[in-house]
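Accompanying notes for the structure given below.
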Amino acid sequence: MATKDKVISAGTGRRKTACARVTLVEGDGKWTVNRQPLEEYITSEALRDYLKQPIAIAGFDASKVDVIVFAKGGGCSGQAGAIRHGLARALVEADANLRAALKKAGCMTRDSRMKERKKPGQPGARKRFQFSKR
């Protein structure tokens, strides 16, 4: 993380098994995820729009801040959800008045849905082996 830049706020977001640390720093609107540009790290346009939702809802001027993200665990969509959650938390830390709007839009809620574990004696979480009466 850049130490010479002024940190505005930071937030941690989680989704499935992914975890993301989001930091807002004074800058010119650059997004970096794991030291790569956002477009390079998350190639899906839909996921990029999804993780930028809190900024659109808050009406925050994204051209005045750099967003630095360290994401780990999970996959592409899980990390995008974690970044969205962390970004919403960072925005609320920067300006507490944004909390109501972000909470109403569902950005402040951690999506707790996780993959169900496989049970012993079964091929999957819910699937059963075929029943044979005889």
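For the pair THR17 and ALA56, what calculated FRET efficiency results from E = 1/(1 + (r/R0)^6), where r is the Cβ-Cβ distance and R0 = 25 Å, to the nearest 0.05?
Efficiency, from the Cβ-Cβ distance: 0.40.
Identify, among LEU38, VAL25, ALA100, the residue whose Cα sits farthest towards the positive end of the charge dipole of the stretch 7-104, taking +1 on the Cβ of Lys and Arg and -1 on the Cβ of Asp and Glu, with the dipole about the Cα centre.
Looking along the dipole axis, the top candidate is ALA100.
Need one number: nm distance between label points at SER9 and LYS127, each 7 Å from Cα along Cα→Cβ, rounded to one decimal.
Taking the simple label geometry, SER9 and LYS127 are separated by 4.5 nm.
Within the chain, which is the longest segment that contains none of the chymotrypsin sites (Phe, Trp or Tyr not before Pro) sitting in a DSSP loop with at most 13 other Cβ atoms within 10 Å?
In short, 1-128.
At 222 nm, what helix-only mean residue ellipticity would the chain give, in deg cm²/dmol to the nearest 500, using -39500 (n - 2.57) for each DSSP H run of four or more?
-8500 deg cm²/dmol
Let me check against my output: what whole-number percent is the relative contact order of the stretch 73-133, with C-alpha pairs under 8 Å and at least 6 apart?
19
With the contact rule set at Cα under 8 Å and sequence spacing of 6 or more, what percent relative contact order holds for the chain?
32 percent.
Taking the number of other C-beta atoms within 10 Å as the exposure measure, put LEU38, LEU51 in order starting with the fewest.
LEU38, LEU51
Structure shown: which of LYS52/LYS127; LYS16/LYS52; LYS6/LYS30; LYS52/LYS103 lie over 25 Å apart, alpha-carbon to alpha-carbon?
Distance filter (> 25 Å) returns LYS52/LYS127.
None of the figures in this text is laboratory data; all of them are computed from the coordinates on show. Treat the numbers as computed from the prediction; the structure is a model and nothing was measured. Counting neighbours? That spans all protein chains shown, and the Cβs are built from the backbone with ideal geometry, glycine included.
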